[in-house]
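*Asks:* Got a structure for you, questions after.
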Number of protein chains: 2
Amino acid sequence: MPGYRITLAYDGTDYVGWQRQANGVSIQGLIEDALRALDERDVTLHGAGRTDAGVHALGQVASFTLHRALPCDALVRALNARLPAAIRVLSADEAPADFHPRFSAREKTYRYRIWNGDAISPFECRYAWHVSGALDAGAMQAAAALLVGRHDFAAFQSTGSDVATTEREIVASAIVTAGPPSRTIRFGGPGAAERAPEPLIIYEVTGTGFLRHMVRAIVGTLVEVGRGRQPIEWMGRVLASRDRAIAGPTAPPEGLFLVGVTYGESLAANP
Amino acid sequence: MPGYRITLAYDGTDYVGWQRQANGVSIQGLIEDALRALDERDVTLHGAGRTDAGVHALGQVASFTLHRALPCDALVRALNARLPAAIRVLSADEAPADFHPRFSAREKTYRYRIWNGDAISPFECRYAWHVSGALDAGAMQAAAALLVGRHDFAAFQSTGSDVATTEREIVASAIVTAGPPSRTIRFGGPGAAERAPEPLIIYEVTGTGFLRHMVRAIVGTLVEVGRGRQPIEWMGRVLASRDRAIAGPTAPPEGLFLVGVTYGESLAANP
């Protein structure tokens, strides 16, 4: 049976998350429904990252096998015709039999967007965490850099998780955009980003793997530093504590994007 | 009684439009509800433009009077605290007794966004019309320029409208952004605009007044030219015909934004 890998983008606002659940509409469920219509039998979809309710993706990767072979471009068109506009298949290619989007992944990158102004643009409220009160992006950057390397990230794992090890390797952790900490509440809507700098602070992190809610707990901790409630070095102490109760709160889901997943050279990176 | 003018931005996707209606949630209705809670009596809100269901605003202007005077910054905060995040009051100031946001307006500016790529980004589908198949932005620009001046715009008025005159003056009509007519369907989500050009064609029009559905009928007509179904000069013939049946179809609401409204010098422009 032919195996396929697809790359997806989605606006997660109106869904219960990636994973199929008994109640509510999931991304996985909608794509499995579309695949069932195409292949005329049940198809199981495997994803690279189980994004939570409200979390978005720019380059989620998923795989499945079909009984009937389809050209990749026809597969993209057929899936997009059956999916809501909030979920788009960007590309498809054939995948080796042993490919698994999660277990074969080499690195994943997440982006977290913070709106740091008095009022959040109505066109950003689905896609950013609104933090009012000035944030020190320089202090946040210095704290973010302390996470690079192989560490035990137990302090940033949501309680009740059950994984073999809480050790992960972070290869990049940085504030990549820091708009002016503007006190104005005027904004230009979609397309305005080229013209006027907006009060956005954007954090990006790349790692070999992530624990449940890890990025959101890191962001909640970075914001404590940005607010000046804690010094930069506190990030190192939180990490060393391996205690979730020490870290900052979990940032809300709407600011989080799974940017992309990379694989070994035999599976050229897609996002 | 003190009179106020407010400037508003909203994402119109989930509302029945500006105007209060018997069925469905309107922008006007939500703001009047918030004002009633503040002033402890019914308050009537007047708007500069009655945007339709799904149409957005970056700088809508509205006015009302209260029985109890409030400082303008307190008014902004109190309204935003009561309104959903999809509707934001950007500013408030005191307005003269004879101020009416529609009748006092000197000019209004609208923007229409077209996504001209194979698949529309999930982060754009609420804010742009998806037109696949290449559009010639240069031809659209040449056709758009033919509308500048004082003309009878009856050809672009939705049927069944009842207005004293269909003559209006357009002072600017242009394609202001034309991204590459990309055939790729990769996109970067919010914040990506600075990094990679997206397949967006953006039309902006400023005039002393607009007929019902006029901007959307103009855009539907421009797209006929962009597709190459009609020559540039056809725009002039449509205008001269004063016949709605000759013009192109009405473009869908999701691409339309009320950008701003300007007033005379005694009422400094707000958006």
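The values are calculated or read from the model by the stated rules, or taken from the named source; none is laboratory data. What you are looking at is a predicted structure, and each value in this text was computed from that prediction instead of being measured. When we count neighbours, we look across all protein chains shown, and the Cβ atoms used for this are built from the backbone with ideal geometry, even at glycine. Please note that ligands, DNA and RNA were not included when accessible areas were found on the heavy atoms of the full protein model with its side chains. Shrake-Rupley method; radii C 1.70, N 1.55, O 1.52, S 1.80 Å.
*Asks:* How high is the relative contact order of chain B, given as a whole-number percent (alpha carbon pairs under 8 Å, six or more residues apart)? Working shown, then result.
*Replies:* Numbers: 623 pairs, mean separation 65.8, N = 271.
Value for chain B: 24 percent.
*Asks:* Over chain A, with a Gaussian network built from C-alpha contacts below 10 Å, which listed residue (A:Gly59, A:Gly220, A:Gly138) shows the highest mean-square fluctuation?
*Replies:* Its mean-square fluctuation being the largest, the pick is A:Gly138.
*Asks:* What is the distance, in nm, between label points placed 7 Å from the Cα along the Cα-to-Cβ direction at A:Asp93 and at A:Val163?
*Replies:* With each label placed 7 Å out from Cα toward Cβ, I get 2.7 nm.
*Asks:* Then there is this: Out of residues 5 or more away from A:Gly117 or on other chains, whose amide H comes under 5 Å of its own, with H placed 1.01 Å from N in the peptide plane?
*Replies:* Under 5 Å from the amide H of A:Gly117 lie the amide H atoms of A:Val131, each far enough along the sequence or on another chain.
*Asks:* Let me ask you something else. Could you state how much accessible area is buried at the B-A interface, both sides summed, with a 1.4 Å probe, in Å² to the nearest 100?
*Replies:* Chain pair B/A: roughly 2800 Å² of buried accessible area.
*Asks:* Per 5 Å bin from zero, what fraction in whole % of the C-alpha pairs of the stretch B:1-49 is there, up to the bin with the longest pair?
*Replies:* 4, 19, 29, 27, 15, 5, 1
*Asks:* Additional query: For n ≥ 4 DSSP H runs only, could you compute -39500 (n - 2.57) per run for chain A, divide by its residues and tell me the 222 nm figure to the nearest 500? If you can, show how the numbers build up before the last one.
*Replies:* Working: 5 runs with 54 residues, N = 271.
Roughly -6000 deg cm²/dmol at 222 nm, from the helical runs in chain A.
*Asks:* On to the next question. If you fit an axis through the alpha-carbon atoms of helix A:72-82 and take the longest principal axis of the Cα set of chain A, what angle between them do you get, 0 to 90°, nearest 10?
*Replies:* Taking the Cα atoms of chain A, the angle to A:72-82 is about 70 degrees.
*Asks:* Bin by bin, in steps of 20 Å, what percent of the Cα pairs in the protein assembly as shown do you find, going until the bin that has the longest distance?
*Replies:* Once binned at 20 Å, the Cα pair distances of the protein assembly as shown give 20, 48, 28, 3.
*Asks:* Still on this structure: Which whole-percent values make up P(r) of the stretch A:120-168 when all C-alpha to C-alpha distances are grouped in 5 Å steps starting at zero?
*Replies:* Pairs per bin, as whole percents: 4, 14, 15, 13, 17, 18, 13, 5, 0.
*Asks:* Work out the FRET efficiency for A:Thr65 and B:Met1 from their Cβ-Cβ distance, taking R0 = 60 Å, and round it to the nearest 0.05. Please list the in-between numbers first.
*Replies:* On the way: r = 71 Å, r/R0 = 1.18.
For R0 = 60 Å, the calculated efficiency reads 0.25.
*Asks:* Mind checking the alpha-carbon convex hull of the stretch A:6-118 and giving the volume per residue in Å³? Provide the component values of the computation, followed by the final result.
*Replies:* Numbers: hull volume 13.1 nm³, N = 113.
For the stretch A:6-118, the hull spanned by Cα atoms encloses 116 Å³ per residue.
*Asks:* Tell me the distances, shortest first, between A:Arg229 and the same position across the other copies, using label points 7 Å along Cα→Cβ, in nm to one decimal.
*Replies:* 5.7
*Asks:* Also, quick follow-up: Among A:His67, A:His130, A:His213, determine the one that fluctuates most according to a GNM of chain A built with springs between C-alpha atoms less than 10 Å apart.
*Replies:* Maximum among the listed residues: A:His67.
*Asks:* Could you tell me how many cubic angstrom of Cα convex hull volume chain B has per residue?
*Replies:* Numbers: hull volume 37.0 nm³, N = 271.
That works out to 137 Å³ per residue.
*Asks:* Angle, helix B:27-39 long axis vs. longest principal axis of chain B, Cα atoms, 0 to 90°, nearest 10?
*Replies:* Once rounded, the angle reads 10 degrees.
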